[in-house]
Amino acid sequence: AGRKILQYGTTQGPEPLRRVFRSYLAELEHSTNELRDLPLSQIFLTTGSQQLLSLITQALFDPGDICFVAAPTYFVFIGVLQAAGARIIPVKSDDNGMCPDALNQELAKLKEEGQLHRVRLVYVVSYFENPSGVSVSTERRPRLLQTVKDYSTESKILLLEDAAYRELRYDGEVSPSIWSHDTDRSTVILAQTFSKSFSPGVRVGLGVLPPELIKPVSDLKGNEDFGSAHLNQHVLARVLKNGAYRQHVEIVRASYRE
């Protein structure tokens, strides 16, 4: 397979590899049908999840458009938003993550001001937020999603779920992703990475996009790199298939837990 792997891949990642990563995601989601109803066209393999965050921002934002974030949130994404000229509005958070009532209040305020049409995105780090370490509670996850849907009246508002730290759980129950509550898969963008659970050096990220974002993000990514590192994607696919990845994650969890 070496000669083939050392050639170019495709913009979204080769279809056979995306099928492997879909199976991996199905395992995380405890899907009974292995997510066979999720079209491979909605799956993107990126250069870490950071590239996906950047591409989403480029695709969605004009200067002055609005993004809601938890207070505090991942500082690198703040830099991406600032570079796009976005208006960043912090939302109150506590030990259970972003507060749905506070998000509702902020959205209602913008509606009164006639600025609701400028809202493009709500950004949520759902598991072990950097820098606070807080996870969004199981109860709040569908409420945040419903709030976003309720206010998508003047223009489409999307929710970006950054699940970078999802697999680094040391105790307690696993909460289902916000993405899993989006049954028609029209509102939530799911961003994951293997930098934290496997190796930051391979730079492989996994994204699931609503259908309307497939073409704009694919066009942007194609202009940037023709597709992320083909060899690295095959490395991850190999360890996912042969079980080495799961063994490694357990070692990482045990080490960090200690």
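Give just the number: which of (1) closer than 24 Å to LEU121 by Cβ; (2) open to solvent by 10 Å² or more (accessible area, probe 1.4 Å) does ARG169 not satisfy?
That leaves (1) as the condition not met.
I'd like to check something: does the stretch 57-67 contain any residue that is outside any loop (DSSP other than H, G, I, E, B), small (Gly, Ala, Ser), touching a residue at least 12 places away in the same chain (Cβ under 8 Å) and more than 14 Å from GLY207 (Cα to Cα)?
Looking for residues that are outside any loop (DSSP other than H, G, I, E, B), small (Gly, Ala, Ser), touching a residue at least 12 places away in the same chain (Cβ under 8 Å) and more than 14 Å from GLY207 (Cα to Cα), one finds at least one in the stretch 57-67, hence yes.
Looking only at the stretch 120-139, count every residue that is open to solvent by less than 30 Å² (accessible area, probe 1.4 Å) and more than 19 Å from GLN192 (Cβ to Cβ) and tell me the total.
So the answer is 1.
Residues ARG36, ARG18: which one is closer than 30 Å to HIS230 by Cα, open to solvent by less than 30 Å² (accessible area, probe 1.4 Å) and among the charged types (D, E, K, R)?
So the residue among ARG36, ARG18 that is closer than 30 Å to HIS230 by Cα, open to solvent by less than 30 Å² (accessible area, probe 1.4 Å) and among the charged types (D, E, K, R) is ARG18.
Being closer than 22 Å to VAL204 by Cβ, in contact (Cβ under 8 Å) with a residue 40 or more places away in the chain and either part of a strand (DSSP E or B) or touching a strand residue (DSSP E or B) at 6+ places or on another chain (Cβ under 8 Å) (or both) is the filter here; which residues of the stretch 158-177 pass it?
Of everything in the stretch 158-177, those that are closer than 22 Å to VAL204 by Cβ, in contact (Cβ under 8 Å) with a residue 40 or more places away in the chain and either part of a strand (DSSP E or B) or touching a strand residue (DSSP E or B) at 6+ places or on another chain (Cβ under 8 Å) (or both) turn out to be LEU160, ASP162, ALA164, TYR165, ARG166, SER177.
Can you tell me which of (1) touching a helix residue (DSSP H, G or I) at 6+ places or on another chain (Cβ under 9 Å); (2) more than 15 Å from GLY201 (Cα to Cα); (3) surrounded by 14 or more Cβ atoms within 10 Å (Cβ to Cβ) is the one ARG253 doesn't meet?
Among (1) touching a helix residue (DSSP H, G or I) at 6+ places or on another chain (Cβ under 9 Å); (2) more than 15 Å from GLY201 (Cα to Cα); (3) surrounded by 14 or more Cβ atoms within 10 Å (Cβ to Cβ), ARG253 violates only (1).
Kindly establish whether LEU45 is under 22 Å from VAL134 (Cα atoms) and open to solvent by less than 50 Å² (accessible area, probe 1.4 Å). Quick ask: steps written out before the conclusion?
Working: under 22 Å from VAL134 (Cα atoms): no; open to solvent by less than 50 Å² (accessible area, probe 1.4 Å): yes.
No: the conditions fail for LEU45.
Name every residue in the stretch 26-68 that is over 14 Å from the mean Cα position of the chain (by Cα), β-branched (Val, Ile, Thr) and modelled with pLDDT of 95 or more, in order of residue number.
ILE66
Output the qualifying pairs, or none if there are none: Cβ atoms under 9 angstrom, residues six or more apart or on different chains, first residue in the stretch 214-242 and of a type in the set (Lys, Arg), second residue not in a helix (DSSP H, G or I).
What qualifies is LYS221/THR11; LYS221/GLN12; LYS221/PHE44; LYS221/THR46; LYS221/GLY227; LYS221/SER228.
Here are some conditions: (1) in a helix (DSSP H, G or I); (2) crowded, with 16+ Cβ neighbours inside 10 Å. LYS111 meets all but one. Which one does it not meet?
(2)
Out of all the residues in the stretch 54-75, which are closer than 24 Å to SER175 by Cβ and open to solvent by less than 60 Å² (accessible area, probe 1.4 Å)?
ILE56, CYS67, PHE68, VAL69, ALA70, ALA71, THR73, TYR74
Please go through the stretch 181-212 and pick out each residue that is in contact (Cβ under 8 Å) with a residue 40 or more places away in the chain, open to solvent by 10 Å² or more (accessible area, probe 1.4 Å) and either assigned to a helix (DSSP H, G or I) or aliphatic (A, V, I, L, M) (or both).
Within the stretch 181-212, HIS181, PRO200, PRO211, GLU212 meet the criteria.
Given the criteria of a type in the set (Val, Ile, Thr) and either closer than 24 Å to LEU35 by Cβ or touching an Asp or Glu at 6+ places or on another chain (Cβ under 6 Å) (or both), does ILE157 qualify?
Details: of a type in the set (Val, Ile, Thr): yes; either closer than 24 Å to LEU35 by Cβ or touching an Asp or Glu at 6+ places or on another chain (Cβ under 6 Å) (or both): no.
Criteria not met by ILE157.
Would you say ILE178 is β-branched (Val, Ile, Thr), crowded, with 18+ Cβ neighbours inside 10 Å and farther than 15 Å from PHE44 by Cα?
Values: β-branched (Val, Ile, Thr): yes; crowded, with 18+ Cβ neighbours inside 10 Å: yes; farther than 15 Å from PHE44 by Cα: yes.
The answer is yes for ILE178.
The values are calculated or read from the model by the stated rules, or taken from the named source; none is laboratory data. What you are looking at is a predicted structure, and each value in this text was computed from that prediction instead of being measured. Note that we place each Cβ from the backbone using ideal geometry, even for glycine, and neighbour counts take in every protein chain shown. With ligands, DNA and RNA removed, areas are computed over all heavy atoms of the protein, side chains included. Shrake-Rupley method; radii C 1.70, N 1.55, O 1.52, S 1.80 Å.
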